[in-house]
Amino acid sequence: MKISSRKLTISSPVKLNLHLAVKDKRPDGYHSLESVFMALDYGDTLHLEFAAKNSLVIDLEGVKFAVPMEENIIFKAVSLFRSKTGFDQGVRINLKKCVPPAGGLGGGSSNAASILLGLNVLSGAKLNHKKLLEMAVSLGSDVPFFINQIGAAWVSGRGEYVNTVKPPKCFCVLVYPGFSSDTNAAYKLLDQCREGSGGTKEAALTEKECLKALSGKPESWPFKNDFLAVSPDSQKTVYQNIFSKFSELGASFSGLSGTGSTCFGIFTKMPQAEKAVDALKKNWDFVRLALPAKKGAVIVSK
Ligand code: C5P
């Protein structure tokens, strides 16, 4: 296999789910989704370089993850790439983690997509998009969006159907409330709530309705997140508190990303968004201002 370069750096942006509707449970145990994804110009950075043959060193710079290394999605992405391509060079990965883990921003999924994209260049394997997409789907529902390296999309299926859309012009403020969300548990809770309420689906909007709304003003966005209604009361109270704050501070729209726990406010003017960040920092440790990204993961150096 031809080796194209010895090391590279790749950005790993986060996403917001401006809208997230969970549809039926599929025979494979996953749920079909309909969602508006938007990448932000904020996220982690990954450095990849060759190391001793067959070795894999993942340097997380002291960040502790809740799962053992073998279950870490970065480890899984490297293993999958190796098994599909036969790439057996050692790799050292350094992750500069800025994004709170399990916060609904797709941080881990974005890391996994960046690993696949980065290894594809570093190894010289040059797999085509279809092959990378197949690997992305098997790693998780959010990974296909990131593998497409785009700004925004209507995402459906288990996450594998990604239709590029134009990102809205806005300023996003993120608030991580200090607790994470267990994706698996959130889907289970959603199923239980639906069984109890005759299968009501709250966030049903067509693709056409979503795309039309996206090109309009954020204050009239009809977007919803199905996980909000079924989140435990203690969390819902925190989310409602953050949404009220966003509203007081002049946000045109606010919502929950993924299964939680990160809340976001959408502003149409930068000074207002900056003031909101200052005000929110008085109550919350993690508050960030971010802009919609023109494209997703970018290889920033070789
Ligand atoms: O996609 P990811 O691997 O992060 O999902 C974690 C868990 O959440 C899955 O194992 C599944 O139980 C649930 N899930 C689901 N439907 C999806 C995405 C996730 O049921 N579309």
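The values are calculated or read from the model by the stated rules, or taken from the named source; none is laboratory data. Here the structure is a predicted model, which means the values were calculated and not measured. Surface areas here come from the heavy atoms of the whole protein model, side chains and all, with no ligands, DNA or RNA. Shrake-Rupley method; radii C 1.70, N 1.55, O 1.52, S 1.80 Å.
Estimated from helices alone, the mean residue ellipticity of the chain at 222 nm is -10000 deg cm²/dmol (sum of -39500 (n - 2.57) over DSSP H runs with n ≥ 4, per residue). Nearest 10 degrees, 0 to 90: what angle lies between the long axis of helix 233-248 and the longest principal axis of the chain (Cα atoms)? So the inclination is approximately 80 degrees. With a Cα-only, solvent-free Debye model of the chain, what are the log10 I(q)/I(0) values at q = 0.08, 0.12, 0.13 Å⁻¹? Each listed q corresponds, in turn, to -0.34, -0.77, -0.90. A 1.4 Å probe run over the protein chains yields, for the stretch 159-281, 51 Å² of accessible area per residue, whole-number rounding. Straight-line cross-link reach from Lys97 at under 13 Å between alpha-carbon atoms covers these aspartates and glutamates, not counting any fewer than eight positions away in the same chain: Asp44, Asp59, Glu61. Histogrammed with a bin width of 5 Å, the alpha carbon distances of the stretch 171-290 distribute as 2, 11, 20, 21, 19, 15, 9, 3, 1, 0 percent, first bin at zero. Distance from the Cα centroid of the stretch 194-263 to that of the stretch 138-189 is 14 Å (rounded to whole angstrom). Ser55 contributes about 30 Å² of solvent-accessible surface, heavy atoms of the protein only, 1.4 Å probe.
Counting only protein heavy atoms and a probe of 1.4 Å, the accessible surface of the stretch 171-290 is 50% carbon and sulfur.
Based on the Kirkwood approach, the hydrodynamic radius assigned to the stretch 1-149 is 15.8 Å, with every pair of different Cα atoms included.
Largest first, the three principal axis extents of the alpha carbons in the stretch 44-109 are 34, 21, 19 Å in whole numbers.
Largest to smallest in accessible area, the residues Ile93, Ile58 fall in the order Ile58, Ile93 (1.4 Å probe, all protein chains included).
Accessible area per residue for the stretch 7-64, computed on protein heavy atoms with a 1.4 Å probe, is 41 Å².
Taking Cα atoms only, the orientation of helix 129-139 departs from the longest principal axis of the chain by about 70 degrees. Helix 107-122 and the longest principal axis of the Cα set of the chain meet at an angle near 30°.
If you take the square roots of the eigenvalues of the alpha-carbon gyration tensor of the stretch 105-145 and sort them as a ≥ b ≥ c, do you get rounded (a/c under 1.5), prolate (a/b over b/c) or oblate? Oblate shape, in that a/c is at least 1.5 and b/c is the bigger or equal ratio. Is the stretch 71-179 rounded, prolate or oblate when judged by the Cα gyration tensor, a ≥ b ≥ c being the square roots of its eigenvalues, rounded requiring a/c under 1.5 and prolate requiring a/b larger than b/c? Oblate.
Extension gain for Lys166-Ser215 works out to 16.8 nm (0.36 nm per residue, less the C-alpha to C-alpha distance).
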